[in-house]
Amino acid sequence: MAKHSFSIVTISFNQAQYLRATIESVLSQKCDALQYIVVDPGSTDGSRDIIDSYGDQIDVRIFEPDKGPGDGLNKGFALATGEILGYLNSDDVLLPGAIERIDQAFAERPAADVISGHAHIIDAEGNFLRESYSDDFRVQPVLYRARCVMQPSTFFRRESFLNTKGFNANNRFDWDAELFVDMKLAGAKFARVDAFLSGYRIYPSTVTAERTSRMFLEPKARKLFEEKHNRSWRWYDHPLRWGHLVMKYVREPRWVRERLLRGRVAGRFKTTPGA
């Protein structure tokens, strides 16, 4: 029997080819207190038919326009009743036993507000590509993009979410990172569990996978940094960022192993410029 109640929100938009795997990965979790919420602002590829086919196995369906992923997540979490919250994009999956493991982790760490596990990076067909690890969460390295937590493997107490303003609906690039930074600044305590909890899918059309993404992501990544620091990016931020990156790999040698053996996470697929 679960020690905590859970609410999982999935945001869906025109990803029908992956959506069923996402939904099944949540519904197959062994948890007797799991609320599942799916938000779809207007898919036209059959996604809504897939969602409806599950009937009351999906506790809440929100079919209304929104202002983007952050806004959709806010609508979903506004109806969440669980003690522990998490969210899953419609192309990612929870691994078997993920909810049981995170339920145990929160029971063992009653002072923790946010707990992150690791993820398997998978391709469009669900094949394993490499491992990806959640780092020890600290605001400065995260804002420098020198550390991260794996979003689909991260769960948080309801109170920590309510202590923030929720997701920034205007942030359409790194709304999850901004929420976690806001939680930390509001006093949330972060912890990690050394377990793989999700499959994070990348394929040629995803931003994470595109080798050309660095050209247009850099300004967007800096925007969050500048907003939280209330200043512009300066020349000395470059060496500071690299210093945080070095410490990341020193603290977690497994990152080095995966990078050397299996390559990087971002930019795995070479795309045609302008495509």
Here FRET efficiency (C-beta to C-beta, Tyr236 to Phe63, R₀ 45 Å, nearest 0.05) is 0.40
Using 0.36 nm per residue, how much length does the chain from Asp32 to Thr44 gain when fully extended, once their Cα-Cα distance is taken away?
1.0 nm
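Percent relative contact order of the chain, based on C-alpha pairs within less than 8 angstrom and at least six residues apart?
With pairs under 8 Å counted, the relative contact order is 20 percent.
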Any idea how far apart Asn170 and Glu226 come out in nm if each label point goes 7 Å out from Cα toward Cβ?
1.3
Binned at 10 Å starting from 0, the alpha-carbon pair-distance distribution of the stretch 9-90 in whole percents comes out as 19, 58, 23, 1
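Based on the Cβ-Cβ distance from Met1 to Glu108, what FRET efficiency comes out when R0 is 22 Å, to the nearest 0.05?
Calculated value: 0.85.
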Counting just the Cα atoms, what span does the stretch 1-143 cover along each of its three principal axes? Round to the nearest Å and put the largest first.
42, 33, 29
Subtract the Cα-Cα distance of Met247 and Glu159 from 0.36 nm times their separation in residues, and report this length gain in nm to one decimal.
28.5 nm
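Antiparallel as a % of all DSSP beta bridges within the chain, to the nearest 5?
The antiparallel proportion sits near 30 percent.
By count of other Cβ within 10 Å, fewest leading, how are Glu108, Glu131 ordered?
Fewest to most other Cβ atoms nearby, the residues stand as Glu108, Glu131.
Quick check on the chain: helices-only [θ] at 222 nm, where DSSP H runs of length 4 and up contribute -39,500 (n - 2.57) each and the sum goes over total residues. Nearest 500, please.
Calculated mean residue ellipticity at 222 nm is -11000 deg cm²/dmol.
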Over its alpha-carbon atoms, the stretch 6-262 yields an Rg and a Dmax in Å of 17.8, 55
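Laboratory data are not the source of any read-out in this text; all were calculated from the coordinates shown. Not measured: the values here are computed from a predicted model. When we count neighbours, we look across all protein chains shown, and the Cβ atoms used for this are built from the backbone with ideal geometry, even at glycine.
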